[in-house]
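Worksheet for the structure shown next.
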Amino acid sequence: MKKFIIIAIGGFSGANLRLFFNNVNKHHYEIPLNTLFINIVGCFLFCFFMTLIINKQDHISKFFPIILSGFLGAFTTFSTLCKETVQLLLNENIFNGIYYLVLSIVLGFVFALSGTYLAKKVLLFWQKIIIIREGL
């Protein structure tokens with residue numbers, strides 16, 4: 001039961017942060033930049049924390065439910081990306097719809113790769129600090 005409450009708190013926080021970012025800039029752009037920003041940041045954070053968790057960082061892995069399932073699950077949204085792409089296509093903005101979808105996928109991949117890379121660098125740095133501390 002405790003795990004579900006923790007996930008719910010993370011989900012509540014992620015959903016509210018997403019709502020905040022969706023309301024930050026109400027200017028009309030050719031593509032939905034708010035959703036694009038939210039999803040690429042989510043890709044980065046998900047891969048960053050997942051890389052740490054996979055490498056058995058026990059002090060991080062206990063936050064898995066709240067960070068990944070709760071917060072990032074509610075913060076990012078594939079369904080909104082699809083809905084907004086369909087709306088662009090139905091409004092005869094074919095180029096913008098395809099551009100938005102491709103940009104979302106490419107940037108999502110680049111930011112996921114960047115999150116993984118940074119997490120691995122953090123892990124290497126952390127291991128060096130542990131080795132230095134053990135040597136003292």
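The values are calculated or read from the model by the stated rules, or taken from the named source; none is laboratory data. From a predicted model like this one, the values you see are computed outputs, not experimental measurements. So basically every Cβ, Gly included, is an ideal-geometry build from the backbone, and we count neighbours across all protein chains shown. In case anyone asks, the SASA skips ligands and DNA or RNA and just uses the protein heavy atoms, side chains included. Shrake-Rupley method; radii C 1.70, N 1.55, O 1.52, S 1.80 Å.
Points to keep in mind about this one:
- For the stretch 1-27, taking the residues that are touching a residue at least 24 places away in the same chain (Cβ under 8 Å) and open to solvent by 80 Å² or more (accessible area, probe 1.4 Å), the one that is nearest to the chain's Cα centre (by Cα) is identified as 12.
- Check on residue 74, at pLDDT 85 or above, within 25 Å of residue 9 (Cβ to Cβ) and of a type in the set (A, V, I, L, M): no
- Members of the stretch 89-136 found to be of a type in the set (D, E, K, R) and more than 18 Å from residue 52 (Cα to Cα), listed by number: 92, 133, 134
- Of the helices (runs of 4 or more DSSP H) lying entirely inside the stretch 28-136, the ones with 2 or more residues being of a type in the set (Lys, Arg) and surrounded by fewer than 20 Cβ atoms within 10 Å (Cβ to Cβ) are found at 94-135.
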